[in-house]
1. Run through the chain and list the trypsin sites (Lys or Arg not before Pro) located in a DSSP loop whose Cβ has at most 16 other Cβ atoms within 10 Å.
2. Report ³J(HN,Hα) in whole Hz for each residue of the range 2-18, in order, from the Karplus equation J = 6.51 cos²θ - 1.76 cosθ + 1.60 where θ = phi - 60°; Gly and Pro get x.
3. For the range 3-68, take every pair of Cα atoms, bin their distances at 5 Å starting from 0, and report each bin as a whole percent.
Amino acid sequence: MVYDLVGLVYFGQSHFVARFVDRHGVLWYHDGIANGGSFMNEGYAEDHALSSLMQCNNTRLVTLVYVKRIDGDQWRF
């Protein structure tokens, strides 16, 4: 079984923000208050050090979201 990391949820200052990894490995940042609901491209997830993913804009990582690969294929919605 293989699982892909697809989401990271952060909390701080009474506010949640999130990062999402798309099927191409691109990391996207979302803060509904600061960005007006738009996602911001942060480059490829593999280019980020693990330590840099533990915090995000004064918030701390609280939840990881994984998707199970089916038949070895990359995840799909």
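1. On the way: sites: Arg19, Arg23, Arg60, Lys68, Arg69, Arg76; in loops: Arg23, Arg69, Arg76.
Taking the chain and a limit of 16 other Cβ atoms within 10 Å, the loop trypsin sites (Lys or Arg not before Pro) found are Arg23, Arg69, Arg76.
2. Running phi through 6.51 cos²θ - 1.76 cosθ + 1.60 with θ = phi - 60° gives 10, 10, 10, 6, 10, x, 9, 10, 10, 9, x, 6, 6, 8, 9, 9, 9 Hz.
3. Whole-percent P(r) values from 0 Å outward: 4, 18, 30, 28, 16, 4, 1.
FYI, it's all coordinate maths here, none of it is from the lab. From a predicted model like this one, the values you see are computed outputs, not experimental measurements. Here Cβ is always computed from backbone atoms with ideal geometry, including for glycine, and neighbour counts include all displayed protein chains.
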